[in-house]
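We did not get these values from a lab; they are worked out from the coordinates using the rules stated. Bear in mind that the values here come from a model prediction, so they are computed numbers and not experimental data. In this analysis, Cβ positions are derived from the backbone assuming ideal geometry, glycine residues included, and neighbour counts consider all displayed protein chains.
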Amino acid sequence: MNSAFPIAIPPLPRLPEAVPRSGLSDEARLALRQLLGDYARALALAFDAGAEARALGAAHGALVSRVVAQVWRLHLGEPARLALFAQGGFGRGRLFPHSDVDLLVLARDESSFLASRGLERVFTVLWDLGLKPAQAVRTLAAQHALAAQDLSVFTAQMEARWLAGDRAMAGLPAALMTDTTLWPPPRFLAARMQEQAQRRAQRGDSSYRLEPDLKDGPGGLRQLDLLYWLGLRMGLPRDLSALTREGLLDAAAAAALESAEALLARDRYALHLQAARAEERLLFDHQRALAQQLGYRDDAGALAVERFMQDYYRAAASVETLVDEAAARLAARLDPPPPPIALDADWQRRGAVLEPRATDLFHQHPAALVEGALRLDAEAGIRAFSADAARAMRSALHALPPAALAHDADAL
């Protein structure tokens, strides 16, 4: 599927004009279903030709957004005090081939539902069209109360995108975010990191599992979402460059995460196509076929499937390491650590974290990379390197010539 040239994304097809509240005939429903299927097949062909998975997901999301909005208008028109929003990956404008279509209907009050008896019909038609709507229907008051209690509801609300209905309500999910009592940044960060720890405990605490989960596993796309969510809660756009300007990432980390996201999205897109469903785990049954589909080939050095999985593991390890590092940096900013306590000429501690006293220690004295790992294990009450120390160690490791530590007497 590799190509030396950019692959054009299939243009969005035209939809027929929607007459509000006219309903959808059986013939029109079949035509829309055919249109969605044809476009999905065109996207799959573009993917096989080498098109970038995230761009294909954005194109798929754009068409589904238009179809969902049209079905709403055909059955409900433009009702006042009632609006439809996209959430989740769909809210971000991106859909993988078999992803759910997450929807939120917000009403200003209970009476707003009375004039909308066609609401259930909207969701039924979406199922008939071959989509998989996962909907929530709430009043603004109920949404606010639930967002205050449920972190997942609050997080989904951060990326809600208006699709149809009362346009005056388009900014309401974002307006709810201005309530400073709802998951302020320190609490949001702590809760999200606790949730991540629980997910790791349930799914394995390493990105090097033999059958990894591309979405929810360690180093998966969900962990990358966590980084973006932290930025959103700080008022930043969902963009690696914004996180870099804010100092949560350096340029090298941002570039590594960009590459990792592209590869993980590619693998997930291919897996959905291969499994013909919303499969998220790279099961053994799929790995060889995916390696073949993605252009890997056996050679004297390694099998195609081995190279495919090695690329995945490198990407997942980058996400796991760099997101944890950025989260630690944000935590230190929100809750500054205590003043440093010197341990010796080279090392100091700040609370429960270890860091070098000089920023260039690892470049000037590479053996300190080994010494730091030993000290981290030996010092009571220290549980991690500081985010800045982790960044400095990563930079020094990348700058070292091959086998440098093996010939360093101090490291040995």
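What order, most packed first, do the peptides 383-389, 38-44 have when packing is the mean number of other Cβ atoms within 10 Å of each residue?
Values: 383-389: 18.6, 38-44: 17.0.
Per-residue Cβ counts within 10 Å, averaged per peptide and sorted highest first, yield 383-389, 38-44.
Going by the alpha-carbon gyration tensor, a ≥ b ≥ c the square roots of its eigenvalues, is region 274-412 rounded (a/c under 1.5) or, if a/c is not under 1.5, prolate (a/b greater than b/c) versus oblate? Don't jump to the answer; show the numbers that get you there.
On the way: a/c = 3.40, a/b = 1.79, b/c = 1.90.
Oblate, because a/c is 1.5 or more while a/b does not exceed b/c.
Suppose a student asked you for the relative contact order of the chain, using Cα pairs under 8 Å spaced at least 6 residues apart; what percent would you report? It would help to have the intermediate numbers written out before the result.
On the way: 557 pairs, mean separation 51.4, N = 412.
Contact order relative to length: 12 percent.
Rounded, prolate or oblate for region 41-194? Axes are the square roots of the Cα gyration tensor eigenvalues, ordered a ≥ b ≥ c, and the cut-off for rounded is a/c under 1.5.
Details: a/c = 2.34, a/b = 1.17, b/c = 2.00.
Judged from the Cα gyration tensor, region 41-194 comes out oblate (a/c at least 1.5, b/c at or above a/b).
Using the per-residue mean of other Cβ atoms lying within 10 Å as a proxy for protection, in what order, highest first, do the peptides 329-340, 222-233 fall? Please report the intermediate quantities before stating the final value.
On the way: 329-340: 14.6, 222-233: 21.3.
Going by the mean number of other Cβ atoms within 10 Å, highest first, we get 222-233, 329-340.
Sorted by mean Cβ packing within 10 Å, highest first, what order do the peptides 16-29, 236-249, 153-166 take?
Working: 16-29: 12.1, 236-249: 17.0, 153-166: 21.4.
The densest-packed peptide leads the list: 153-166, 236-249, 16-29.
Is the chain best put as rounded, prolate or oblate by its Cα gyration tensor, with a ≥ b ≥ c the root eigenvalues, rounded for a/c under 1.5, and otherwise prolate when a/b is larger than b/c, oblate when not?
Values: a/c = 2.90, a/b = 1.55, b/c = 1.88.
Verdict is oblate for the chain.
For region 130-228, report the convex hull volume of the alpha-carbon atoms normalised per residue, in Å³, without decimals.
Enclosed volume per residue, from the Cα hull, is 132 Å³.
Using the beta-carbon distance between Ala384 and Leu210 and R0 = 25 Å, what value does 1/(1 + (r/R0)^6) give for FRET efficiency, to the nearest 0.05? Please report the intermediate quantities before stating the final value.
Values: r = 27 Å, r/R0 = 1.08.
It comes out at approximately 0.40.
One-quarter of the Cα convex hull surface for region 42-115, in nm²?
Values: hull surface 21.9 nm².
With every direction weighted equally, the projected area is 5.5 nm².
Compute the acute angle (0 to 90°) between the alpha-carbon long axis of helix 53-76 and the principal axis of greatest extent of the alpha-carbon atoms of the chain; round to the nearest 10°.
Approximately 30 degrees, to the nearest 10.
Would you kindly state how much longer the chain becomes between Ala342 and Arg14 on full extension, computed as 0.36 nm times their sequence separation minus their alpha carbon distance, in nm to one decimal?
Values: separation 328, 0.36 × 328 = 118.08 nm, distance 6.73 nm.
The span from Ala342 to Arg14 would gain 111.4 nm if fully extended.
Tell me the angle of helix 304-334 to the major Cα principal axis of the chain, expressed in degrees between 0 and 90 and rounded to the nearest ten.
The helix 304-334 is inclined about 80 degrees to the chain.
Using only alpha carbon pairs under 8 Å that are at least six residues apart, calculate the relative contact order of region 185-332 and give it in whole percent. Could you put the intermediate results ahead of the total?
Values: 159 pairs, mean separation 44.9, N = 148.
Averaging sequence separation for qualifying contacts and normalising by length gives 30 percent for region 185-332.
Between 0 and 90 degrees, rounded to the nearest ten: what's the tilt of helix 284-293 against the longest Cα principal axis of the chain?
Tilt of helix 284-293: around 80 degrees.
Can you tell me what share of the DSSP beta bridges in the chain is antiparallel? A percent to the nearest 5 is fine. Mind showing how you got there, number by number?
Numbers: 16 of 25 bridges.
Restricted to the chain, the bridges split so that about 65 percent are antiparallel.
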